[in-house]
Every structure is written in C-alpha cells, then in structure tokens.
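K.L.:
Please see the structure below; I have some questions.
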Amino acid sequence: MKRKPCSDSLAVKTSHVLPPDTNYHGTLFGGTLMAHIDDVAAIAAVRHCRKAVVTASTDSVDFLEPVKEGNSICVEAFVTYTRNTSMEVFVKAVSEDLLSGERKVCATAFLTFVAVDEDLRPIPVPEVYPVTESEKLLHEGAKERAELRRERRRNSKEFAARFGTSYPWNK
C-alpha cells in the first residue's frame, strides 16, 4: 500500500447553527457537535484508506467555547497516525459569528477508526506521513495517545464486566 500524506484525508464541513440545534442557553447542543465531529472524522478516515470504517473510540471532546445560534460551525478533520488497521483522526471545530467575522476554536478531539471488510473484520490501511510542523507534532504524540486509549479501554471493559447489563448493579 502506498503511503499518503495527512493532507490527503482532509475533510471539512460547515453548518449554520439554527434554533433546533441549540439548548436553553441558545448554544449548540454538545451532542450535535459530537455528531458533526464523528461524521467529518469518518469521512477523513475513509478518504485515507478508501475502505469502510467504524468508530473505535472518541477521546475526550474538549468544549472550549460555546457556539451560539446564528453562528456557523466548521469542523475540520484529517488522519494523523496509522497502525495496521486503525487510524487516529484529529478534529478541530471553529465557530464563526457570521455578522462580525469573529472566529474561535470551540472544540478539539481525537477519534480512532478501524477499516473493515464486508464482514466487519479489520483490514490493513495505508501508512500516513506528516508534512507540516503541526502534522508532525500530532504524529509524534500519537503513540502516547494510543497507549492512553488502550488503558482507558481496559478500564472500560472492567467496568462493563463489573456492572453488567442489569440494574441495580450492587446485587
């Protein structure tokens, strides 16, 4: 498989924040922003490998600034690192006051996707390589983030085993 630069996977989506997208405070629902993030990140992952993908994990989504009704939200994503069958995708969301032009980074996140075949079995993906300084910074930190994900996944499996499928949990 041919290596690909990070920029080949860039995906961008801009949406107008309308009243149905907002909460009681007139700001974008966090879940709506998370749906935009997953959507654009998945597009970036598919662009990189040109295969079907599934979301394997979403690291913490850090909401840095509120996104107000009437603003636009622009979500950008690209693949920063690959392993055999998985891809780390960095996502940045930028809000814009369309009347003043003021722009703010309102959220960042890392997601991991796995390429799959028709039977949903993992399949290999091309290696990605960074070109810009920002891409290199993200690429260099990817192994450490991957180890943190593995640890978090181990903890999640322990919680799942302990609490099971029924309530109350303390039977």
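The values are calculated or read from the model by the stated rules, or taken from the named source; none is laboratory data. Small disclaimer: the values here were computed from a predicted structure and weren't measured. Because the Cβ atoms are built from the backbone with ideal geometry, glycine has one as well, and the counts that use them run over all protein chains shown.
K.L.:
Return the total of residues in region 1-51 being surrounded by fewer than 16 Cβ atoms within 10 Å (Cβ to Cβ), of a type in the set (A, V, I, L, M) and part of a strand (DSSP E or B).
P.N.:
Total meeting the criteria: 1.
K.L.:
If the Cβ limit is 6 Å and pairs must be 6+ apart or interchain, which residue in region 3-18 that is free of Cβ contacts under 8 Å to residues at least 40 places away in the same chain and closer than 20 Å to Ala45 by Cβ pairs with which residue that is in a strand (DSSP E or B) and not acidic (Asp, Glu)?
P.N.:
Hits for this filter: zero, empty list.
K.L.:
For region 100-111, indicate whether the set of residues that are in contact with a His (Cβ under 9 Å, 6 or more places away or on another chain) and in contact (Cβ under 8 Å) with a residue 12 or more places away in the chain is non-empty. First the steps, then the outcome.
P.N.:
Within region 100-111, the subset in contact with a His (Cβ under 9 Å, 6 or more places away or on another chain) is none.
No, region 100-111 has no match at all.
K.L.:
In region 75-89, what residues are in a strand (DSSP E or B) and over 16 Å from Phe63 (Cβ atoms)? I'd like the intermediate steps shown before the answer.
P.N.:
So the first thing to find is which residues in region 75-89 are in a strand (DSSP E or B), and the list is 75-82, 86-89.
The answer is Glu76, Ala77, Phe78, Val79, Thr80, Tyr81, Thr82, Ser86, Met87, Glu88, Val89.
K.L.:
Can you say whether Ser166 is in a helix (DSSP H, G or I), loosely packed, with under 14 Cβ neighbours inside 10 Å, modelled with pLDDT under 95 and not aromatic (Phe, Trp, Tyr), as far as the supplied structure shows? Spell out how you get there, then give the answer.
P.N.:
Details: in a helix (DSSP H, G or I): no; loosely packed, with under 14 Cβ neighbours inside 10 Å: yes; modelled with pLDDT under 95: yes; not aromatic (Phe, Trp, Tyr): yes.
No.
K.L.:
Checking the structure you have, find out if any residue of region 68-83 is surrounded by 10 or more Cβ atoms within 10 Å (Cβ to Cβ), among the β-branched types (Val, Ile, Thr), closer than 21 Å to Gly31 by Cα and touching a strand residue (DSSP E or B) at 6+ places or on another chain (Cβ under 8 Å).
P.N.:
Taking region 68-83 as the starting set, the residues that turn out to be surrounded by 10 or more Cβ atoms within 10 Å (Cβ to Cβ) are 68-83.
So of that shortlist, the ones also among the β-branched types (Val, Ile, Thr) come out as 73, 75, 79-80, 82.
Those still in the list that are closer than 21 Å to Gly31 by Cα too: 73, 75.
Add one more test, that the residue is touching a strand residue (DSSP E or B) at 6+ places or on another chain (Cβ under 8 Å), and what stays is 73, 75.
Yes, there is a match, as at least one residue in region 68-83 is surrounded by 10 or more Cβ atoms within 10 Å (Cβ to Cβ), among the β-branched types (Val, Ile, Thr), closer than 21 Å to Gly31 by Cα and touching a strand residue (DSSP E or B) at 6+ places or on another chain (Cβ under 8 Å).
K.L.:
Give the residue, chosen from Ser100, Ser134, Ser95, Ser86, that is small (Gly, Ala, Ser), surrounded by fewer than 15 Cβ atoms within 10 Å (Cβ to Cβ) and under 23 Å from Leu10 (Cβ atoms).
P.N.:
Working: Ser100 fails: under 23 Å from Leu10 (Cβ atoms); Ser95 fails: surrounded by fewer than 15 Cβ atoms within 10 Å (Cβ to Cβ); Ser86 fails: surrounded by fewer than 15 Cβ atoms within 10 Å (Cβ to Cβ).
Exactly one of Ser100, Ser134, Ser95, Ser86 is small (Gly, Ala, Ser), surrounded by fewer than 15 Cβ atoms within 10 Å (Cβ to Cβ) and under 23 Å from Leu10 (Cβ atoms), namely Ser134.
K.L.:
Please go through (1) more than 21 Å from Pro5 (Cβ to Cβ); (2) assigned to a strand (DSSP E or B) for Phe113 and return the number of the only condition it doesn't satisfy.
P.N.:
Unmet condition: (1).
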